[in-house]
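All remarks here apply to the structure that follows.
The values are calculated or read from the model by the stated rules, or taken from the named source; none is laboratory data. Since the structure is predicted, the reported quantities are computational estimates derived from the model, not experimental observations. Cβ: placed from backbone, ideal geometry, glycine included. Neighbour counts: every protein chain shown.
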């Protein structure tokens with residue numbers, strides 16, 4: 001049920017129903033800022049702008065609700081402590097998103113604190129969810145506002161909601177599978193829903209729901225396990241532990257093993273799917289409780305499923321949780337501690353050259 005609450009914001013963002021709070025340009029920051037100094041302004045990059053959908057759509061490659069945002073103004077990351085950090089290019093210095101004078105950036109009064117773990121971008125605003133409310137803020141962390149109440153209770157409905165009026169949330173579908181929902185993705189007129197597998201230890205059930213015909217159908221009893229899945233209008237992709245990458249064909253409803261991947265020591269392994277590469281994050285420790293120890297290997301595949309490169313990430317801090325964060329443009333971002341800001345990156349131009357290394361994001 002908790003998953004349902006967290007995933008609600010995804011449908012709000014993807015459905016394209018958002019209208020921002022009163023639009024304003026990013027504000028100049030105060031020059032005196034204790035702790036992490038915020039830059040003088042959040043920088044818009046007019047020369048490399050992409051269509052609005054690129055920024056506002058849910059990034060399917062992520063394994064959780066969006067904790068990392070690519071925006072026209074730079075990159076935003078939310079940590080385990082629920083503070084937002086800003087970086088101009090993703091591989092550059094990260095600072096807490098607060099321009100309050102004399103703020104120590106360690107209390108809930110800090111502008112960077114949002115009280116939740118899901119953030120999204122739409123038309124010059126960052127949106128975030130706290131409890132049952134959708135909120136927004138300016139791109140520099142100022143001007144926090146509550147936009148709308150998302151829900152009043154718990155039921156077996158999936159909703160979408162407009163925020164530019166006072167309308168109530170609209171029911172998209174009603175079914176008891178919503179009660180075990182772990183994730184859903186909106187792709188054109190279809191919604192793909194993953195629910196917890198109540199029979200096997202690993203994997204999930206995959207359903208598809210047509211928004212146009214209101215038809216719900218089960219696709220498979222065993223979809224992705226650890227990691228993420230990816231869907232477009234024609235295909236779906238997932239990784240099954242120590243089996244490989246599977247492809248789902250929408251037109252025929254067939255699921256095919258397209259790349260067998262097996263390890264002598266499989267450990268804890270999950271995939272991430274991005275436009276340039278497929279990443280397999282392989283932790284060789286069989287004990288899931290120790291998945292962030294110094295056992296992490298990143299395997300990089302192209303979309304022909306050829307292994308291009310691999311590298312060990314042995315920079316996780318002792319007794320901390322860290323690892324892969326996201327793919328952003330020319331870089332792959334990692335952190336040695338998910339409770340802190342990103343601190344390492346891979347330059348994608350080095351993939352396949354024999355010189356792949358982790359670069360430190362310097363303060």
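I'm trying to understand the selection: among the residues of the range 85-101, which are assigned to a loop (DSSP other than H, G, I, E, B) and in contact (Cβ under 8 Å) with a residue 60 or more places away in the chain?
Hits for the range 85-101 are 89, 90, 91, 92, 93, 94, 98, 99, 100, 101.
Can you tell me which residues in the range 199-231 are on the phi > 0 side of the Ramachandran plot and part of a loop (DSSP other than H, G, I, E, B)?
203, 214 - these are the residues of the range 199-231 that are on the phi > 0 side of the Ramachandran plot and part of a loop (DSSP other than H, G, I, E, B).
Taking strands (runs of 3 or more DSSP E) that do not extend beyond the range 122-166, which have at least 2 residues that are over 16 Å from residue 67 (Cα atoms) and out of contact with any helix residue (DSSP H, G or I) (no Cβ under 9 Å at 6 or more places or on another chain)?
In the range 122-166, 145-149 are the strands (runs of 3 or more DSSP E) which contain 2 or more residues that are over 16 Å from residue 67 (Cα atoms) and out of contact with any helix residue (DSSP H, G or I) (no Cβ under 9 Å at 6 or more places or on another chain).
Please tell me if residue 250 is within 18 Å of residue 60 (Cβ to Cβ) and either modelled with pLDDT of 95 or more or not assigned by TED's automatic domain parsing to the domain that holds residue 93 (or both).
It is true that residue 250 is within 18 Å of residue 60 (Cβ to Cβ) and either modelled with pLDDT of 95 or more or not assigned by TED's automatic domain parsing to the domain that holds residue 93 (or both).
Would you be able to say whether some residue in the range 108-124 is under 20 Å from residue 272 (Cβ atoms), crowded, with 20+ Cβ neighbours inside 10 Å and either without any contact (Cβ under 8 Å) to a residue 60 or more places away in the chain or assigned by TED's automatic domain parsing to the domain that holds residue 269 (or both)?
Scanning the range 108-124 turns up at least one residue that is under 20 Å from residue 272 (Cβ atoms), crowded, with 20+ Cβ neighbours inside 10 Å and either without any contact (Cβ under 8 Å) to a residue 60 or more places away in the chain or assigned by TED's automatic domain parsing to the domain that holds residue 269 (or both).
Is at least one residue of the range 236-247 closer than 25 Å to residue 281 by Cβ and in contact with a helix residue (DSSP H, G or I) (Cβ under 6 Å, 6 or more places away or on another chain)?
No, that holds for no residue.
Does residue 267 satisfy being in the same structural domain as residue 327 (by TED's automatic domain parsing), surrounded by 18 or more Cβ atoms within 10 Å (Cβ to Cβ), without any contact (Cβ under 8 Å) to a residue 40 or more places away in the chain and in contact with a strand residue (DSSP E or B) (Cβ under 9 Å, 6 or more places away or on another chain)?
Against the criterion (in the same structural domain as residue 327 (by TED's automatic domain parsing), surrounded by 18 or more Cβ atoms within 10 Å (Cβ to Cβ), without any contact (Cβ under 8 Å) to a residue 40 or more places away in the chain and in contact with a strand residue (DSSP E or B) (Cβ under 9 Å, 6 or more places away or on another chain)), residue 267 qualifies.
Just checking, which of 177, 255 is assigned to a strand (DSSP E or B), touching a residue at least 12 places away in the same chain (Cβ under 8 Å) and surrounded by fewer than 20 Cβ atoms within 10 Å (Cβ to Cβ)?
Exactly one residue qualifies, and that residue is 255.
Out of all the residues in the range 154-164, is one or more at pLDDT below 90, surrounded by fewer than 19 Cβ atoms within 10 Å (Cβ to Cβ) and over 23 Å from residue 192 (Cα atoms)?
Within the range 154-164, one or more residues are at pLDDT below 90, surrounded by fewer than 19 Cβ atoms within 10 Å (Cβ to Cβ) and over 23 Å from residue 192 (Cα atoms).
Taking the conditions exactly as written (in contact with a strand residue (DSSP E or B) (Cβ under 9 Å, 6 or more places away or on another chain) and without any contact (Cβ under 8 Å) to a residue 60 or more places away in the chain), does residue 213 satisfy them or not?
no
Looking at the range 202-221 only, could you name the residues that are closer than 19 Å to residue 245 by Cα and more than 22 Å from the chain's Cα centre (by Cα)?
Answer for the range 202-221, where residues must be closer than 19 Å to residue 245 by Cα and more than 22 Å from the chain's Cα centre (by Cα): 219, 220, 221.
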